[in-house]
Structure formats: structure tokens, C-alpha cells
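Notes follow once the structure below has been shown.
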Amino acid sequence: MSTGTLTIDLDAILANWRALDAMSAGETAAVVKSDAYGLGTARVARSLAHAGARSFFVAVAEEGAALRATLGPSPAIYVFSGHMPGDADMIGDTGLIPMLNSLDQMIRHAEALPGHPFGIQLDTGMNRLGMEPGEWAAVRDVALGQSPALLISHLACADLPDHPMNRQQLHAFHEMTDGLDVPRCLANTGGVLMGPDYHFDMCRPGIGVYGGRPFADARPVVTLDLPVIQCRDLDPGETVGYANAFTAHRPTRIATVAAGYGDGILRALGPQSSLLAEDGTACPIAGRISMDLIGVDVTDLDHDPKSLQLLGTEQGVDDLADNAGTIGYEILTSLGARYLRRYIGG
């Protein structure tokens, strides 16, 4: 193979979802936006539905329509962006449930799809999407008269369980929703881990299902093996890659692997990261990551490897995220289209 192999362990995804589900007494949905965090919505969502997930969350209506074609008519599919202009036919035809974020969206939905299910997203302090307390107070009685399916909000700091923002948002959510006969949902992965105060009627984990922090006990989900195209010897003083970013200080063996930032391997990973040989030996990246190629120092191996591993059980998405100064979400959702995708389990 001339491209990398991305292996996605569906059994690990299901184990992570079940573990998070076991922490909550209510329903556990699954967030599958952004192509199931880059891992393939169709395969991931089908496996989760087979395991018992009855509700799914996507970012936009187009994602919801594709998911409906995959899962059929039964599961509930909620759309975080709500009811955008031009979405009425798609929402109506595919039975999506928009999470309305404003009075404008509520009017648009009521006029275009009277009687069609909807939910409400409330802003409890993140200031990203949702109705703020004053707007909600003004339209609440009208909205409740149309029987919303769900009330949600989104935690801004759930990956930091001791952050005071969590309690502030929890208090605000109670103030905006207590006493209303409508199911409620607040907890993402971090909210699930913070305990039952945050669980309400439904939890909706995302990153934890895919093996990322803050779910420290998550099973790793992805493995990425990159083929070696060529190996060469360098004398001390020779350089590798653009801008001569790596200089050999000893007789050095360099392997060039077939992947780069065109495949979603962030350039910022280079100075801090290694690839792993089959025996677990760490082989540092040598020089800059380019669009299709990466130089790797394999001097400490006793052979020329056929492939090297960037992601796996010994080096996960959060390890790479730390090396690049980012988060595991970006590592996953950046994974490119050129990889051979191999699904196991599920």
C-alpha cells in the first residue's frame, strides 16, 4: 500500500459508549457530528444503534439527512444548528428534530413546519448558541404550548470538573427549566463524568465515545500505520526536509513515510512527536512534516521498517494533541481521506 491504514475499532467505540451509558440512569444519546469525529458516520452510527443508542446529535441538517438514510426512520436525530433558512424540506422529509436557538428560528420552524417536532437550546453562559434567559422568558409559554421534544444547553468547561463555570451553568439551567414537563439534556462527556447532578433525562457524550479526554478510562479507538517509501543514510552535517530543519549529528538512517499535513497530520506535531516501530521503539520525526511525506529517524532500529505507527495504544490522539498544542478533537477530525480505512468489530 502506498497510503496509510487507519484502523477504527468499532468494539472500542461501543465499549466506551456503554461505559458512559452505565454512569447515567437516563437515556444516553451519541454525538456523531463531523462524520462521527472523522471516523465515518455510517459505520459508527449503525454500530451504536445496534448497541442500543436511540438518539443521535449532528451539527447541521445535511448531516442529519445523511444519517437518516443510514439508520432508517426509528432513531431521533437532533440538529444543533436548529432550523436554518432553506432547511425546511430537509428537516420535514427526513424527520429531523432541530434544536431551535432563537426567536427567529422558532418563527421560521412554526411557519414552515407547523406541528413538526423541535427542541430548544438554551444559553446558560457559553455565549455560542441558544436562547439567553431573557429571550427564553419572553417566548417560553409559546414554545411550551407547541410541546418541544427536548431542552438542552452546553457546558463550556466540562473537561475541567472543578471549574466554577460548571456549577454556574448548572444553576442557570435549573433556573431556566425547573418545573417544566419537558425532557432535559445538559451533559456532554465531561458532564457525564461529573456525576448525576448534570445528567437530567438524557446525556449526549461525544469525544469520550471516540477514546478522547476527559474520559480517562476510554478504550483507544484508532490506529494509524504509515508505509515507508524509502530509507537512506546521512552523514553528520546532512539535513532533511524543508528549511534544513533537521541536521544529522551522527551517522543517521532516515525513513520517508507516505503521509503529511495533506492527510491531516498537523505540521505542529513534528518537533515533539515520534512514530513507533513494531517493537515499540520510538523513532523521532526528522525535520518538517510536508504535505505528503514525513522523514523519520530510524537509526536506532536494526532493520528498515515497512511501516511505522503514528496512532495506537501506546500513542493516542491526546498524546499527539499535547505535542501539537491542540486537543484530541482536532487530531481526529483532521484525519484525511487518502487513508485506507479499515473497520474492525462492531
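The values are calculated or read from the model by the stated rules, or taken from the named source; none is laboratory data. Please read these numbers as outputs of a predicted model, since none were measured by experiment. Every residue, glycine among them, receives a Cβ derived from its backbone with ideal geometry; neighbour counts consider all protein chains shown. Protein only, heavy atoms only, side chains kept; ligands, DNA and RNA dropped before computing areas. Shrake-Rupley method; radii C 1.70, N 1.55, O 1.52, S 1.80 Å.
Loop-located trypsin sites (Lys or Arg not before Pro) across the stretch 43-84 with a Cβ neighbour count of 14 or fewer within 10 Å are Arg54, with loop assigned by DSSP. With helices as the sole contributors, the chain gives -8500 deg cm²/dmol at 222 nm; each DSSP H run of n ≥ 4 counts as -39500 (n - 2.57), and the sum is divided by every residue.
Shown are Arg213, Arg341, whose ranking by accessible area with a 1.4 Å probe and every protein chain present, most to least, is Arg213, Arg341. Residues in the stretch 88-101 carry Karplus couplings, in order, of 4, 4, 5, 5, x, 5, 9, x, 7, 10, x, 8, 5, 10 Hz; the curve used is 6.51 cos²θ - 1.76 cosθ + 1.60 with θ = phi - 60°, and Gly or Pro positions show x. Quick one: which residues, 5+ away or cross-chain, put their amide H under 5 Å from the amide H of Leu122? H built at 1.01 Å from N. Under 5 Å from the amide H of Leu122 lie the amide H atoms of Met131, Ile152, Ser153, each far enough along the sequence or on another chain.
Here's the picture: a label point sits 7 Å out from the Cα of Ala243 along the beta-carbon direction, and within the stretch 323-346 the residues with their amide nitrogen under 20 Å of it are 323-326. Is the shape of the stretch 43-87 rounded, prolate or oblate, going by the alpha carbon gyration tensor and its root eigenvalues a ≥ b ≥ c, with a/c under 1.5 for rounded and a/b larger than b/c for prolate? The shape class here is prolate. The residues of the chain have, on average, 44 Å² of accessible surface per residue, using a 1.4 Å probe with all protein chains present. When only the Cβ of Lys, Arg, Asp and Glu is charged (+1, +1, -1, -1), the dipole of the chain relative to its Cα centre reaches about 480 debye. Here the Karplus curve 6.51 cos²θ - 1.76 cosθ + 1.60, taken at θ = phi - 60°, turns the phi angles of the stretch 196-207 into couplings of x, 4, 9, 8, 6, 8, 8, 10, 9, x, x, 4 Hz, with x standing for Gly and Pro.
Report the antiparallel proportion of the DSSP beta bridges in the chain as a percent, rounded to a multiple of 5. Bridges in the chain are about 50 percent antiparallel. Summing Cβ point charges (Lys, Arg +1; Asp, Glu -1) relative to the Cα centre of the stretch 123-256 gives a dipole of roughly 500 debye. Each Lys and Arg Cβ is given +1 and each Asp and Glu Cβ -1; about its Cα centre, the stretch 1-158 then shows a dipole of about 380 debye.
Distance between the C-alpha centres of the stretch 56-106 and the stretch 220-269: 43 Å, rounded to the whole angstrom.
If you take the Cα centroid of the stretch 271-296 and the Cα centroid of the stretch 191-214, the two points sit 34 Å apart. Counting only protein heavy atoms and a probe of 1.4 Å, the accessible surface of the chain is 49% carbon and sulfur. Could you work out the percent of alpha carbon pairs in the chain separated by over 25 Å, rounded to a whole number? I get 57 percent for the Cα pairs in the chain exceeding 25 Å.
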